[in-house]
Amino acid sequence: VPKSSDPITIDIQPFDGIPDEAVQYVTKELRQLYSRVTVKPALPLPASAFYAARNRYRADSLINFLNRLALPRHVVIGLTDQDIRCTKNKVADWGVMGLGFCPGQASIASTFRLSKKERLQQLFKVAIHELGHTQGLPHCAVKTCYMRDAEGGNPTDEEKDFCKDCKAVLIKKDWLFN
Ligand SMILES: [Zn+2]
Ligand SMILES: [Zn+2]
């Protein structure tokens, strides 16, 4: 039985269609920051999250699905190659690179809007951003910080690390930085 003092485990949950190469890259990069990372076998995308009229998935439905799978003291990052959408500022169908509960136990990152050239590194940066939200981190004004607000674009190539303040929050939550 997990105790409330146990460090959090990050579970990577691939969805069918995401290349193994992408899962392995995100796993390797996450493990450089955080030692307790597990990789789950791939699952089919839940039909309940499919928005058939627009041929895309609801990001909020996907994180609800992942939240139900999350064990105590675990956080889940789902990885998908599909177009994911959510409602933002009254726009009902806003395309996103990722989404995470803030705070919560589930998040999702998608390769769909990422640039071909730096796709794997960008996927890692979206994943770490959404995981930051699950730990309660809000958006950050530091341009090189993983918690920068994408503001509808893709600034991930400018992101280098968590800034000092964001890192301090995660260290309090027992994140083990090298
Ligand atoms: Zn965000
Ligand atoms: Zn920051």
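The values are calculated or read from the model by the stated rules, or taken from the named source; none is laboratory data. None of the values given here were measured: they were computed from a predicted structure. So basically every Cβ, Gly included, is an ideal-geometry build from the backbone, and we count neighbours across all protein chains shown. SASA here: full protein model, heavy atoms, side chains in, ligands and nucleic acids out. Shrake-Rupley method; radii C 1.70, N 1.55, O 1.52, S 1.80 Å.
Details
- Among the residues of this structure, D93 does not count as one that is of a type in the set (D, E) and over 18 Å from A150 (Cβ atoms).
- When G153, G132 are checked against the criterion of being surrounded by 15 or more Cβ atoms within 10 Å (Cβ to Cβ) and either within 13 Å of ligand 2 (Cβ to nearest atom) or not in a helix (DSSP H, G or I) (or both), a single residue qualifies: G132.
- Identity of the residue in segment 14-35, polar (S, T, N, Q) and open to solvent by 20 Å² or more (accessible area, probe 1.4 Å), that ends up nearest to I77 (Cα to Cα): Q24
- Sole exception among (1) open to solvent by 10 Å² or more (accessible area, probe 1.4 Å); (2) more than 16 Å from ligand 2 (Cβ to nearest atom); (3) in contact with a Leu (Cβ under 7 Å, 6 or more places away or on another chain) for D93, by number: (3)
- Sole residue being at pLDDT below 90, over 20 Å from K172 (Cα atoms), over 17 Å from the mean Cα position of the chain (by Cα) and not polar (S, T, N, Q), chosen from K88, K3: K88
- Taking strands (runs of 3 or more DSSP E) as the structural unit, those lying wholly within segment 1-114 and holding at least 1 residues that are farther than 28 Å from L176 by Cβ correspond to 56-58, 84-88, 91-96.
- Annotation: I77 fulfils all but one of (1) modelled with pLDDT of 95 or more; (2) open to solvent by 70 Å² or more (accessible area, probe 1.4 Å); the unmet one is (2).
- Yes/no for K143 being on the phi < 0 side of the Ramachandran plot, at pLDDT below 95 and not hydroxyl-bearing (S, T, Y): no
- Any chance L123 is more than 19 Å from N55 (Cβ to Cβ), within 13 Å of ligand 1 (Cβ to nearest atom) and open to solvent by less than 10 Å² (accessible area, probe 1.4 Å): no
- G100 vs. criteria among the small types (G, A, S), within 16 Å of ligand 2 (Cβ to nearest atom) and either within 25 Å of P46 (Cα to Cα) or open to solvent by 10 Å² or more (accessible area, probe 1.4 Å) (or both): yes
- Matching residues in segment 156-178 - criterion: being within 13 Å of ligand 2 (Cβ to nearest atom) and among the aromatic types (F, W, Y): F162
- Scan of segment 135-144 for residues that are within 21 Å of A106 (Cα to Cα) and surrounded by 13 or more Cβ atoms within 10 Å (Cβ to Cβ), ordered by number: Q135, G136, L137, H139, C140
- Comparison of K173, K160 shows that the only residue that is in contact with a Ser or Thr (Cβ under 6 Å, 6 or more places away or on another chain), charged (D, E, K, R) and open to solvent by 50 Å² or more (accessible area, probe 1.4 Å) is K160.
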